[in-house]
Amino acid sequence: MSKQVGFYLDAEACNGCSVCLVACKDKYDNPIGVNFRKVIHHTMGGWEQDADNPGFLAPKISSYSLSMACNHCETPVCLEACPVGAISKREEDGRVLIDENTCVGCRLCQCCPYDAPQFNESLGVMTMCDGCVDLEGTGEEQACVAACPQRALEFGDMEELRAKHGNAVQSVEPLVDPQITQPSLLVTPHRNSKPMGGSANEQ
Amino acid sequence: MNSNETYVLVGGGYAASRAADCLRLEGFEGRILIISEEEHLPYSRPPLCKKGLLEEIGIERLPLRHADFYARNNIELMLGKPVKTVDRTARRVKLAGEISIDYDKMLLATGGRPRRLPIPGGDLKGVHVIRNYEDMTDLRSELKPGARLVIIGAGYIGLESAAAATSMGVDVTVVELSTRLMSRVVAPVTSEFFARKHLDHGVKLMLHRTAQSFEGKDGRVVSVRLQEGEKVSADLVLVAAGNVPEFRLAADAGLECEGGIVVDDRCRTSDPLIFAAGDCTRHPSVRYGRRIQLESVDNALEQARVAAAAMCGRRDRHAHVPWFWSDQYDLKLQVVGLSDGFDEIVVRGDPDQPGFSVWYLRGQEVLCMETVNNPLEFMQAGRWIGAHAKVDARILRDATTHLDDAVINKPRHESVLARV
């Protein structure tokens with residue numbers, strides 16, 4: 001298999017502060033509403049019978065955050081949906097890139113289950129995380145990765161990330177079934193989250 | 001805004017899905033309900049006659065928007081529920097199973113259905129059409145290497161299916177009424193280019209022929225009889241003879257229809273509370289000054305946007321330059337604009353090679369352009385058509401020139417051109 005880059009997120013470490021989002025937005029000078037990176041706050045649980053106090057209900061709730069951008073999927077649905085061929089998957093590293101010069105702004109790539117392609121109204125085209133392709137070869141970290149105060153994000157070769165984070169999975173709630181697009185994503189699940197699909201190392 | 005109102009969107013395609021999206025973008029806070037007779041979330045149809053024939057594509061790869069989008073935007077979906085009647089006086093739609101729903105405003109986005117040929121044998125086993133996901137899976141289950149597939153119609157769907165089928169080893173014959181491929185939408189030079197490609201891939205083309213009947217044995221199609229007297233053996237038939245707008249619901253409700261639901265340039269029907277968008281409509285084109293019917297993804301999306309604005313009381317007009325595309329083999333045909341009224345055709349580049357383009361001019365104004373595997377010129381043409389740019393045909397014809405040098409009048413929207 002050729003090289004594939006992607007993101008790793010430590011959901012145990014992520015506290016949902018959204019500095020990644022702001023750093024990305026600042027770098028790309030994106031307008032209001034256009035966010036290449038998003039932070040999902042997922043909450044779950046509810047009132048449950050308290051085992052220690054029969055007859056009483058206790059709030060068994062928890063929440064965690066997931067920082068998400070383009071997952072540079074192995075089988076991206078955005079690419080297939082694009083009627084003008086403006087989206088491509090780069091041979092050498094598997095990045096999924098939008099060519100803004102040939103995009104007609106039809107927004108059909110919003111079929112992405114991760115909501116990665118973002119319509120920039122003033123440009124009239126779709127825009128998306130390119131994994132800070134401009135930093136290639138400089139040794140610098142991606143804007144979101146560099147900004148994370150928790151060091152919860154990493155970007156790099158998926159094989160290396162998989163080797164480094166053995167317990168990471170490809171998807172957790174509330175993300176979609178990873179079989180749909182084969183995202184280049186690794187998540188160390190939050191202790192309360194339910195993983196979806198198999199462990200990334202089982203494939 | 002109007003938070004107590006219910007807007008019902010009838011249909012499960014591009015127009016309904018996009019209209020729901022645009023209603024929220026317009027700031028509508030009331031109830032949005034999409035009612036579709038199909039069981040699936042609104043999904044992408046172009047793969048049905050391309051990749052979907054080659055390999056198994058699960059429906060979960062095709063939604064236009066995923067379930068999360070509808071949930072996030074509080075858009076309700078009633079799937080697998082055909083609308084039976086519309087009672088305009090009571091402002092109520094009735095569905096199967098005695099369900100009725102009251103609406104404040106409604107969008108009809110009922111799309112179209114494949115044209116069935118009025119010839120004997122159409123109901124034989126092995127005779128297919130493609131419009132929805134199930135049509136695709138039915139056809140795919142029968143496509144086997146060596147099978148003889150006869151496709152009736154050399155339009156986009158017929159030829160895209162031919163390209164997919166032949167590449168998997170199916171023996172494909174295309175029967176076409178006209179003397180050339182895609183005659184309704186492209187210039188002869190482009191028809192010839194695609195004819196050569198299909199012949200190179202082993203597709204047999206029978207042009208200027210009319211199917212007379214499908215002949216069967218034990219209830220299954222075995223051949224297609226042509227009016228010209230020939231008989232073509234067939235294990236399978238795909239009828240790809242165009243679409244018929246689906247407007248029965250509107251006509252039954254007494255809305256003005258004329259081969260489609262008649263709407264104005266804001267997608268309003270003859271009932272001020274009912275709007276329509278997509279393949280099912282006939283609309284006046286601001287740009288072309290007459291009533292047209294377009295069957296395209298682009299038109300469905302654009303009309304949905306305009307209709308959503310109108311439903312929210314905002315004035316927006318359907319005036320944009322239409323565009324179309326078709327994927328056959330590794331060729332992407334792109335068309336922008338409508339060619340009606342042209343007085344000159346200019347071919348730029350070698351019409352034997354992908355990358356050439358065909359320009360339709362009236363006076364010197366660019367009306368329409370079609371090209372193969374040349375997205376940058378397609379984009380430029382779209383901007384020029386939108387800006388009523390005029391070009392020098394001599395410069396345009398010479399592919400060694402820079403395309404920008406062909407413009408005579410600098411279009412008013414300088415910034416639009418600057419992006420190339």
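Check B:LEU199, B:LEU205 and return the single one that is outside any strand (DSSP E or B) and either touching a strand residue (DSSP E or B) at 6+ places or on another chain (Cβ under 7 Å) or touching a residue at least 40 places away in the same chain (Cβ under 8 Å) (or both).
Values: B:LEU205 fails: outside any strand (DSSP E or B).
Going through B:LEU199, B:LEU205 in turn, just one is outside any strand (DSSP E or B) and either touching a strand residue (DSSP E or B) at 6+ places or on another chain (Cβ under 7 Å) or touching a residue at least 40 places away in the same chain (Cβ under 8 Å) (or both): B:LEU199.
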Residue tally, condition touching a residue at least 12 places away in the same chain (Cβ under 8 Å) and touching a Lys or Arg at 6+ places or on another chain (Cβ under 9 Å), over region B:315-338: 15
Yes/no for A:SER184 being among the small types (Gly, Ala, Ser), more than 14 Å from chain B (Cβ to nearest Cβ) and in contact with a helix residue (DSSP H, G or I) (Cβ under 8 Å, 6 or more places away or on another chain): yes
Region B:161-177, residues that are touching a helix residue (DSSP H, G or I) at 6+ places or on another chain (Cβ under 9 Å) and assigned to a loop (DSSP other than H, G, I, E, B): B:MET168, B:VAL170
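For (1) modelled with pLDDT of 95 or more; (2) under 30 Å from B:THR166 (Cα atoms); (3) in a helix (DSSP H, G or I), each residue gets a yes or a no:
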| residue | (1), (2), (3) |
| --- | --- |
| B:VAL8 | yes, no, no |
| B:SER17 | yes, no, yes |
| B:LEU23 | yes, no, yes |
| B:PHE28 | yes, no, no |
| B:HIS40 | yes, yes, no |
| B:PRO47 | yes, yes, yes |
Pair list, Cβ under 6 Å, 6 or more apart: region B:216-234 residue assigned by TED's automatic domain parsing to the domain that holds B:GLY122 and part of a loop (DSSP other than H, G, I, E, B), other residue among the β-branched types (Val, Ile, Thr) and surrounded by fewer than 18 Cβ atoms within 10 Å (Cβ to Cβ): B:GLN227/B:THR210
Scan of region A:107-116 for residues that are surrounded by 20 or more Cβ atoms within 10 Å (Cβ to Cβ) and under 20 Å from A:VAL22 (Cβ atoms), ordered by number: A:TYR114, A:ALA116
Spans of strands (runs of 3 or more DSSP E) in region B:265-373 with at least 1 residues more than 14 Å from chain A (Cβ to nearest Cβ), under 18 Å from the mean Cα position of the chain (by Cα) and at pLDDT 95 or above: B:274-276, B:281-285, B:365-372
Pair list, Cβ < 6 Å and 6+ apart or interchain, from region B:20-39 residues that are closer than 26 Å to B:ALA96 by Cα to residues that are acidic (Asp, Glu): B:GLY30/B:GLU5; B:LEU33/B:GLU76
Index of the failed condition, B:GLY13 passing every other in (1) more than 30 Å from B:MET168 (Cβ to Cβ); (2) at pLDDT 95 or above: (1)
Search result, residues across region B:102-116 that are within 24 Å of B:GLU160 (Cα to Cα) and surrounded by fewer than 19 Cβ atoms within 10 Å (Cβ to Cβ): B:ARG113, B:ARG115, B:ARG116
Every residue from region B:51-71 that is more than 9 Å from every other protein chain (Cβ to nearest Cβ) and over 21 Å from B:GLU160 (Cα atoms): B:TYR70, B:ALA71
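Output yes when any residue across region A:169-185 is assigned to a strand (DSSP E or B), of a type outside the set (A, V, I, L, M, F, W, C) and touching a Gly at 6+ places or on another chain (Cβ under 8 Å), and no when none is.
Checking region A:169-185: at least one residue is assigned to a strand (DSSP E or B), of a type outside the set (A, V, I, L, M, F, W, C) and touching a Gly at 6+ places or on another chain (Cβ under 8 Å).
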Test: residue in region A:117-138 that is more than 14 Å from chain B (Cβ to nearest Cβ), more than 22 Å from A:ASN30 (Cα to Cα) and either charged (D, E, K, R) or surrounded by fewer than 20 Cβ atoms within 10 Å (Cβ to Cβ) (or both): yes
Meets criteria (touching a helix residue (DSSP H, G or I) at 6+ places or on another chain (Cβ under 9 Å), within 7 Å of chain B (Cβ to nearest Cβ), assigned to a loop (DSSP other than H, G, I, E, B) and within 19 Å of B:LEU301 (Cα to Cα)) for A:PRO113: no
Residue list for region B:1-50, filter: within 14 Å of chain A (Cβ to nearest Cβ) and closer than 13 Å to B:LYS105 by Cα: B:ALA19, B:ALA20
Any hit, region A:19-34, residues being under 21 Å from A:PRO189 (Cβ atoms) and of a type in the set (S, T, N, Q): no
Where a residue in region A:10-33 is on the phi > 0 side of the Ramachandran plot and its partner, wherever it lies, is among the β-branched types (Val, Ile, Thr) and surrounded by 15 or more Cβ atoms within 10 Å (Cβ to Cβ), with Cβ under 6 Å and at least six apart: A:GLY16/A:VAL39; A:SER18/A:VAL39
Unique residue being within 14 Å of chain B (Cβ to nearest Cβ), within 19 Å of A:GLY156 (Cα to Cα) and assigned to a strand (DSSP E or B) when the list is A:LEU66, A:LEU9: A:LEU66
Criterion (within 12 Å of chain B (Cβ to nearest Cβ), outside any loop (DSSP other than H, G, I, E, B) and crowded, with 19+ Cβ neighbours inside 10 Å) met by exactly one of A:CYS78, A:CYS73, A:CYS103: A:CYS78
Residues of region B:327-369 satisfying the condition of being among the hydroxyl-bearing types (Ser, Thr, Tyr) and farther than 20 Å from B:HIS388 by Cβ: B:TYR329
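The values are calculated or read from the model by the stated rules, or taken from the named source; none is laboratory data. Worth saying up front: this structure is predicted, and the values here are computed from it rather than measured. Don't worry about glycine lacking a Cβ; one is built from the backbone with ideal geometry, like all the others, and counts go over all protein chains shown.
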